[in-house]
Amino acid sequence: MHRFGAVVLLIGGVSVCFPQDADKGTIVKIAGLESRTPADWVREKPSNRLRAYQFRLPRAKEDKEDADVAVLPDLPGKPEENMERWKELFVPPEGKTIDDIARIEKFKVGKVMVTYLDIAGTYLQKDRPLGSKSTPKPHYRMLSVIFDTPGGVALIRVVGPERTITRHKAAFEAWLKAFK
């Protein structure tokens, strides 16, 4: 038996509804591939025009905030340049360098090469979408995946409290590897 639900947002008095199969998640299409999100991810209206999809990952009970998943289909620049830029969004703990806290790996998802960054520390959250002011968020973690395809570069990025990201990491990686 399937349960169907919807995410409803009230924006300026207008409700926006995103149908979602509560048992199966949401199909995400990126770089000519597609995969279904975990069922507990909540689809939201993208917060800016750069995002094709946006999801909220429910927080771990010890955390005060949920995590945010953004899917951007058209990312300018080379994967390495973007990874360096994202590493600059984090401040490492005292006595460590940014490269001590950042893990980058490359592998294939389907026929597409991806670059995967896993980084944790104090996140310098920028005003959206590309503001100059930042708010330090200690004990945060980011998982960023760049799909480098012949048609361009696409991004999936998860940011949130470290415990929440750790809680969702296995499901995120299973979703990532399921893109076909």
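Since every read-out is calculated from the coordinates, none of them should be taken as a lab result. Bear in mind that the values here come from a model prediction, so they are computed numbers and not experimental data. Positions of Cβ are backbone-derived with ideal geometry, glycine not excepted, and every protein chain shown enters the neighbour counts.
Residues with beta-carbon under 10 Å from that of ALA52, excluding ALA52: net charge, scoring Lys, Arg +1 and Asp, Glu -1?
That sum, taken over residues with Cβ under 10 Å, equals +2.
Each label point is 7 Å from the Cα along the Cα-to-Cβ direction; what then is the distance between the points at ASP74 and ASP148, in nm?
With each label placed 7 Å out from Cα toward Cβ, I get 2.2 nm.
Let's see if you can work this out: charge +1 on each Lys and Arg Cβ, -1 on each Asp and Glu Cβ, no other charges. What is the dipole magnitude of the chain about its Cα centre, in debye to the nearest 20?
Computed about the Cα centre, the dipole is about 400 debye.
Compute the longest continuous run of the chain that contains no exposed GluC sites (Glu not before Pro); treat a site as exposed when its DSSP state is not H, G, I, E or B and it has at most 10 other Cβ atoms within 10 Å.
Answer - 95-180.
Looking at the stretch 60-117, which trypsin sites (Lys or Arg not before Pro) are in a loop (DSSP not H, G, I, E or B) and have at most 13 other Cβ atoms within 10 Å?
The qualifying sites are LYS61, LYS64, LYS96, LYS111.
Local charge sum around ASN82 (other residues, Cβ-Cβ under 14 Å, Lys/Arg +1, Asp/Glu -1)?
-1
Between their Cα atoms, which of LYS106/LYS133; LYS29/LYS177; LYS24/LYS45; LYS87/LYS180 are more than 25 Å away from each other?
LYS106/LYS133; LYS87/LYS180
Could you compute the net charge surrounding LYS137? Neighbours are other residues with a C-beta less than 12 Å from the C-beta of LYS137; K and R count +1, D and E count -1.
Taking every other residue near LYS137 into account, the sum is -1.
Using a 10 Å cut-off around each Cβ, can you sort THR149, THR135, THR166 from fewest to most neighbouring Cβ atoms?
THR135, THR166, THR149
Using only the Cα atoms of the stretch 47-177, build the gyration tensor, take square roots of its eigenvalues as a ≥ b ≥ c, and label the shape rounded, prolate or oblate: rounded if a/c is under 1.5, else prolate if a/b is larger than b/c, else oblate.
Since a/c stays below 1.5, the shape of the stretch 47-177 is classed as rounded.
Top mean-square fluctuation among VAL42, VAL158, VAL109, Gaussian network model of the chain, C-alpha springs under 10 Å?
Its mean-square fluctuation being the largest, the pick is VAL109.
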